[in-house]
Number of protein chains: 2
Amino acid sequence: MPRPSLREEVVAAALDQFHLRGYNGSGVKDVTDAAGLPKGSFYNYFSSKEEMALETLRRYGIGREFERLQDRTLPPLARLRAHFVFLGQDVVRLGVIRGCMIGNFASEVATQSPALREAVAAGFTGWINKVTEVLREAVQRGELSPERDLELLASSLVHAWEGTLLHAKVTGDMRTVDEFFPGVFDPLTGYSDPVS
Amino acid sequence: MPRPSLREEVVAAALDQFHLRGYNGSGVKDVTDAAGLPKGSFYNYFSSKEEMALETLRRYGIGREFERLQDRTLPPLARLRAHFVFLGQDVVRLGVIRGCMIGNFASEVATQSPALREAVAAGFTGWINKVTEVLREAVQRGELSPERDLELLASSLVHAWEGTLLHAKVTGDMRTVDEFFPGVFDPLTGYSDPVS
């Protein structure tokens, strides 16, 4: 029976490879080589590259710490902004050239794998729903007008974030990431720093 | 000597393949098959897949009709909005699942080909500069406050557009594309439809 710890090594290597080189740019052998395993052992853990990619997408989502969006110790808009600040620090730490793996997969797999496309679409929907929830709290707290279309605002923020990271991949410059806050987040939400 | 008309067929096939399947998802043989040519003939026209991709990026840019941004028969903000409306109709016509080829390449090639990465980065910069020019006219015409950071506004619009198309690739829904206008363009520029 395959050792669970080795499956974890395969998943970690796959996450690293897919995030760096994309779905089509990473082969099963690249992953097993990176995990220090023979290629043939791959099928002890996954039935296909596609199944492995589905697992890495799930892990990538966990690593983005969406639970921060429910941290009620911060007021809603400040908490939402901190979520994007965290994602920005995270991508700078991992290398802006890697971008967002959800966005990278959206770009590559839409025309190729219905299962991956569906997983990426669900990733977008889940994220937009979580952002919408925080915006709903912001309305309740009087931080946003009740007239606002919250789902539209949430998807607009997510779209702008994804496009920002796409551009940052080719500039390789964290300043491209930083543009999101004064360029999109603050004007669309009306957020302003609390006077300290 | 190779016939120029056949080179055009290779370029058209490459543009179609790269836009649909991405850089890593399209092989030289896919392109020559689609052009109805033997694989070996490819090297009569291009020295490498990378060189062919650079040419398709150039052609893709031409097809987006950026000269519309200089059409002075429309006031600046209406003209800029019409530019994005045109790009939206264009992607719906070609299939939202294809997305924007510049964005797709940004996602895929940043970590792989310095030449392609540079071409994609130049594509972003050129586009943002053209948008900034129109915004400058908008300030001169009193459509925008002279206090606005026009380069930041231009890059924010382009980022949001690219992220919108990335999401639309996985929803496959043109309504995702349409969200850009009420969600981003109109609130960021303060555009409102002229009363007719």
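Nothing in this text is a laboratory measurement; each read-out follows from the coordinates by a stated rule. Note that the structure is a prediction, hence the values are computed from the model and not measured. Cβ coordinates were reconstructed from backbone atoms using ideal geometry, including for glycine residues, and neighbour counts include every protein chain displayed.
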Treat each spin label as a single point 7 Å out from the Cα along the C-beta direction, and report the B:Asp71 to A:Ala78 distance in nm. 4.8
Below 28 Å, Cα to Cα, which lysines can A:Lys169 reach? Residues fewer than 8 away in the same chain don't count. A:Lys29, A:Lys49, A:Lys130, B:Lys49, B:Lys130, B:Lys169
Given a Förster distance of 30 Å, report the FRET efficiency between B:Glu151 and B:Ile97 from their Cβ-Cβ distance, rounded to the nearest 0.05. 0.40
Ranking B:Met174, B:Met52 by Cβ neighbours within 10 Å, fewest first, what do you get? B:Met174, B:Met52
Shielding by other protein chains, A:21-33, mean Cβ within 10 Å: 3
Please arrange B:Val11, A:Val92 by how many other C-beta atoms lie within 10 Å of their C-beta, fewest to most. A:Val92, B:Val11
By average C-beta atoms within 10 angstrom, highest first, the peptides A:176-187, B:104-115: B:104-115, A:176-187
Once you list every other residue whose beta carbon is under 14 Å from the beta carbon of A:Pro182, what net charge do they have if Lys and Arg are +1 and Asp and Glu are -1? -4
Centre separation in Å (Cα based) which lies between segment B:169-184 and segment A:143-186: 15
DSSP H helices in chain B with Cα extent of 24 Å or more along the helix axis and mean Kyte-Doolittle hydropathy at least 0.0? B:76-94, B:114-140, B:150-171
Listed highest first by mean packing, meaning other Cβ atoms within 10 Å per residue, what order do A:148-161, B:116-129 come in? A:148-161, B:116-129
Average beta carbon contacts from partner chains per residue of A:107-118, 10 Å cutoff: 5
Once the label point is placed 7 Å from Cα along Cβ, list for A:Gln140 the distances to the corresponding points in the other copies, in nm, shortest first. 5.1
Rounded to a whole number, the mean other protein chain Cβ count within 10 angstrom for residues of B:184-191 is 3
Cut-off is 10 Å between beta-carbons; in what order do A:Val139, B:Val31 appear when sorted fewest neighbours first? A:Val139, B:Val31
